[in-house]
Structures are given as C-alpha cells and as structure tokens.
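Have a look at the structure below, then the notes.
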Amino acid sequence: MTTEQSETLRLMLTRRSHPAMTMVEPAPEGEALRTILQAASRVPDHGKLVPWRFILIRGEAREALGRKLVPLAEAREGELSQERRDQELTRFTRAPLVVAVVSRAAVHPKIPVWEQQLCVGAVCMNLVMAANASGFAAQWLTEWMAFDDDVSALLGLAEAERIAGFIHLGTPSQQPTERPRPDLDDLISEWSAA
C-alpha cells in the first residue's frame, strides 16, 4: 500500500456514531439496504454456522413496537412518568430504520458459543461500517430491550436467540461530535518468552 491511506482505512479512522435522534429520512432501502446487509454478513464464520439473522423495524411498525414497550417497561418499573412513557413510545422512531441483529449462537461440538458471539458482534460492526461507507448514519444500541425476554418474544426470537444490537440507520442531519479515544500505548503490550 502507498503512504496515502486507502478510503477504507480513512473511513475506519474517522468513523463516528451518529445519535439516532439526529437521523432523518431516507434510510437505506431496496438494493442499497441489501448491499449493506450483505457487507455486514461478510465476517469470519468458523464452520459456516451463520449464527445471526436480521429483523427490519421500519415504517409504522416502529410506532407499534413503541406502544408495546410501554406496558413491558411498566411491568419492570411500575407506572411511568409521561417523560418515560414518551421515551418508550419513541424508542424505535428515533431513526427511520432499525435493524435488530439477532444472535443465534448455540452449543456446537467444535465451535465455542463465545466464538459465534464474536462473529455476531463483527456483523454489527460491519453493518455500521457499511452504512457509513454508503453515506448513511448509523448507531449501534442495545438498551434494556435487548436483554428482556418479553421483548425478545415480541420480536419473535426463539428461546436460544438474543439481540446483539439494534442498529439505527438513517441520513445524518448534523455532524456527530468527536469523543475522546483511548491512548493506543495504554492498550499495547508485547509478550516475550523471557
């Protein structure tokens, strides 16, 4: 490679999450969305198990899901204030499209569950990167819904499936702010046999 950075490396070095609340229409759709999901699926996958799947949450379904979250949140927390109620009602309407990445990692005689889960995490990150590379904004969120059995049932997950992330997608309406990044020197060690 030359001394100039490739476009891919430049994207990786400058990638930032866009807060879902700052996203506007349009979201990727049609072939653009298929290409992003195909790129997301290009991950190391030991045994070709494909331990993930996607659920698209868009259009009016986002509002319907928010309405179903309110009673689930109240069952967890008791009666919600109007502010908390509004938060749940709009949980999936912040961005024009939310892709739920579902982990199907399961016990396998040769491939550890942990390795499969790492694969699904790579799918989430590839999805974010592919959306950014396509000119769209992306934010990977989990929040309480990713860990709630009732929400999992509501989304049609099988008993062994889990939400790895809700990837919010849309068009950026503003530049995201930069955040402090870790000092690389604090993260590197070198092993030696001595």
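The values are calculated or read from the model by the stated rules, or taken from the named source; none is laboratory data. Model, not experiment: these values are computed from the prediction. Because the Cβ atoms are built from the backbone with ideal geometry, glycine has one as well, and the counts that use them run over all protein chains shown. We work out accessible area using only protein heavy atoms, side chains counted, and drop any ligands, DNA or RNA first. Shrake-Rupley method; radii C 1.70, N 1.55, O 1.52, S 1.80 Å.
Which of the residues belonging to the stretch 90-103 are among the aliphatic types (A, V, I, L, M) and either at pLDDT below 95 or not in a strand (DSSP E or B) (or both)? Reasoning before the result, please.
First, pick out the residues of the stretch 90-103 that are among the aliphatic types (A, V, I, L, M): 95, 97-102.
Hit for the stretch 90-103 is 95, nothing else.
Say we look at the stretch 149-166 and pick out the residues that are open to solvent by less than 30 Å² (accessible area, probe 1.4 Å) and either touching a helix residue (DSSP H, G or I) at 6+ places or on another chain (Cβ under 6 Å) or without any contact (Cβ under 8 Å) to a residue 12 or more places away in the chain (or both); which of these is farthest from residue 53 (Cα to Cα)?
151
May I ask you to say which residue of 51, 28, 44 is more than 23 Å from residue 157 (Cα to Cα), at pLDDT 95 or above and within 17 Å of the chain's Cα centre (by Cα)?
28
Would you check which residues across the stretch 50-66 are in contact (Cβ under 8 Å) with a residue 24 or more places away in the chain and open to solvent by 70 Å² or more (accessible area, probe 1.4 Å) and list them?
58, 63
So the check is Cβ under 6 Å with 6+ separation or different chains; which pairs have a first residue in the stretch 99-123 that's of a type outside the set (A, V, I, L, M) and a second one that's open to solvent by less than 10 Å² (accessible area, probe 1.4 Å)?
Close Cβ pairs satisfying both conditions: 103/120; 104/51; 116/51; 119/51.
Kindly list, by first and then second residue, each pair from a residue in the stretch 167-192 that is at pLDDT 95 or above and assigned to a loop (DSSP other than H, G, I, E, B) to a residue that is among the small types (Gly, Ala, Ser) and open to solvent by 100 Å² or more (accessible area, probe 1.4 Å), limited to pairs with Cβ atoms under 6 Å and residues at least 6 apart or on different chains.
Listed pairs, sorted by first residue: none to list.
Checking the condition farther than 25 Å from residue 69 by Cα, open to solvent by less than 50 Å² (accessible area, probe 1.4 Å), outside any loop (DSSP other than H, G, I, E, B) and of a type in the set (A, V, I, L, M, F, W, C), which residue from 146, 106, 130 passes? Reasoning before the result, please.
On the way: 146 fails: farther than 25 Å from residue 69 by Cα; 106 fails: outside any loop (DSSP other than H, G, I, E, B).
So the residue among 146, 106, 130 that is farther than 25 Å from residue 69 by Cα, open to solvent by less than 50 Å² (accessible area, probe 1.4 Å), outside any loop (DSSP other than H, G, I, E, B) and of a type in the set (A, V, I, L, M, F, W, C) is 130.
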